[in-house]
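Working notes for the structure below.
Please treat every number below as a calculation from the coordinates, not as lab data. Keep in mind that what you see is a predicted model, and the values were worked out from it rather than measured. Backbone-built Cβ (ideal geometry, glycine too); neighbour counts: all protein chains shown.
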Amino acid sequence: MKKVHIKSYGCQMNVYDGQRMADVLGQEGYVETATPDDADLILLNTCHIRERAAHKVYTELGKLRDLKRERKADGRETTLVVAGCVAQAEGAEIQRRQPAVDLVIGPQTYHRLPELLAQAKSGRIVDTDLPPEDKFDHLPAPKLAAIVARGVSAFVTVQEGCDKFCAFCVVPYTRGAEFSRPVAQVIAEVERLAQAGVQDVSLLGQNVNAYHGDGPDGRVWTLARLMRRIAEVPGVARIRYTTSHPRDMDEDLIALHRELPQAMPFLHLPVQAGSDRILAAMNRKHTGDEYRRLIDKIRAARPDIALSSDFIVGFPGESDADFEETLRLIADVRFASAYSFKYSPRPGTPAAELSEQVPPTVMDERLYRLQTLVEQHRQEFNHAMVGRTVEILIERNGRHSGQLAGKTPYMQAVQIESAAHRIGDRVMVQIERAGSNSLFGRAVEQPGLAA
Ligand code: SAM
Ligand code: SF4
């Protein structure tokens, strides 16, 4: 039996891509293994978003080259593949820096893995074609057993690529132009997931709310329309979508949060910064106040919605006053959670050419202040759950026997003690305590979502 070890870095789309590569290789007789040590095929599914993420790949490749050598000395061959966004951005350079790599494959060509692996046997190969249409047409449906093993929550990529060209971001270059999968293809995938017990579906896209897929009626469907259709798939209880751009948050999508019970009250809506000057330099095409007004509208539609965001500190030219504007926006919106990053200049992006780069020590201090404020709000949001009864979808066993772990509609992790429930149950839980990363509660009888 051939074994493959897949290591995915970065975003949720890479996790999804890793699973789909496992599906493709499963058809070729490969089974997944959790460690590289006993793998015949090792695949690094890489991330290029920040310098540190890209750098990690080369460190890892150095270790894998040694492993490959040791295995060869024992008479066993190992194939080393680099996939994902570093592969797309750096192509043949990867094999120049690390000759042990047999195959470099971009995010849009992994449906061709079997044929490329065969070619790689007789020489090193690079394939970084961009259009994604082919990939989705050729990917095999995952086996039901594979879906069951991945759990009751699943990702489905519905949109890929980006036409927004934020000044700091490599995505439009690594993932290509915006592309939406046709509605029928998405529905078929969701139906298959639901058949295998998936209840919580997260629709993925670099710009997921720009979705504009061909509908079965010959019209172009929006994300809101797609979500309404997905809600009709038996078994799908929860629908989420990520990542959205503020400019593409249309009225219909906002109304959906009021109208569709399956639309979860959680929205990741990156704003990146609070200063209008920096937002303009980033090419985000909205102001801080436009973002605030959008949040007001979303909260009017769904008052209990939990909001999350991404922030970049130290974008070139960001002054102390600009940064204070970011803190002011955070204080106004009070996010339930957020990801925050120090600006990292990326080759080929317009911001990397800007002269006024912010010193690392200033970035460190800003990041610390921002994260302290966000953490305060996150803790307040979690503590406000104590005493409330919410529906938990149980996703896995907890650390101790008798303990189960699940998620609230707001994406919070919850632990309960219960011998009566199992993975896949949706159970009403009264929250009794908020820890720093998890809530703790007990199952109660009453049905329906209580607030
Ligand atoms: N499409 C999403 C959006 O519109 O915000 C996010 C895409 S990106 C994969 C995820 C996050 O990485 C971004 O929201 C941004 O905060 C961060 N990011 C992207 N480029 C970056 C850079 N050059 N330096 C630091 N952080 C970066
Ligand atoms: Fe990158 Fe998101 Fe901006 Fe597109 S919208 S360029 S993915 S940050």
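Rounded to the nearest 20, the size of the Cβ-charge dipole of the chain about its Cα centre is 800 debye, with Lys and Arg at +1 and Asp and Glu at -1.
Which pairs break 25 Å Cα to Cα here: K56/K135; K63/K135; K3/K68?
Numbers: K56/K135 27 Å; K63/K135 31 Å; K3/K68 14 Å.
From the list (K56/K135; K63/K135; K3/K68), the Cα-Cα distance tops 25 Å for K56/K135; K63/K135.
Between the range 242-266 and the range 76-121, how far is it from one alpha carbon centroid to the other, in angstrom? Value for the Cα centre distance between the two parts: 38 Å. The sum of -39500 (n - 2.57) across all DSSP H runs of n ≥ 4, divided by the residue count of the chain, sets its helix-only mean residue ellipticity at 222 nm to -11000 deg cm²/dmol.
Looking at the range 349-451, what % of the alpha carbon pairs are farther apart than 16 Å?
Roughly 62 percent, rounded to a whole number.
Nearest 5 is fine: what % of DSSP beta bridges in the range 306-451 come out antiparallel, could you say? Let's see the in-between values first.
Working: 19 of 28 bridges.
If I count the DSSP bridges inside the range 306-451, around 70 percent turn out antiparallel.
Charges were assigned to the Cβ only: +1 to each Lys and Arg, -1 to each Asp and Glu. The resulting dipole of the range 270-418 about its Cα centre is roughly 520 debye.
Round to the nearest 0.05 the FRET efficiency obtained for S122 and R399 when R0 = 56 Å and r is the Cβ-Cβ distance.
Details: r = 48 Å, r/R0 = 0.86.
Calculated value: 0.70.
Expected output is a single nm value to one decimal: the length gained when fully extending between S436 and L144, i.e. 0.36 nm times separation in residues minus the C-alpha distance. What is it?
Gain on extension, S436 to L144, equals 101.5 nm.
Rounded to the nearest 20 debye, the dipole magnitude of the range 152-289 is 220 debye, with +1 charges on Lys and Arg beta carbons, -1 on Asp and Glu beta carbons, and the Cα centre as origin.
Dividing the mean sequence gap of close Cα pairs (under 8 Å, 6+ apart) by how many residues the range 1-99 holds gives a relative contact order of 30 percent.
The Cα center of the range 189-235 and the Cα center of the range 354-413 differ in position by 27 Å.
At a Cβ-Cβ separation cutoff of 4.7 angstrom, cysteine residues of the chain with no neighbouring cysteine are C11, C47, C85, C162.
Length gained on full extension, A34 to D310: 96.3 nm, using 0.36 nm per residue less the C-alpha separation. Taking every alpha-carbon pair under 8 Å whose residues sit at least 6 apart, the chain reaches a relative contact order of 9 percent.
Any chance you could run the full-extension gain for Q376 through A331? It's 0.36 nm times the residue separation minus the Cα-Cα distance, nm to one decimal. Let's see the in-between values first.
Details: separation 45, 0.36 × 45 = 16.20 nm, distance 1.03 nm.
Once the chain is fully extended between Q376 and A331, it gains 15.2 nm.
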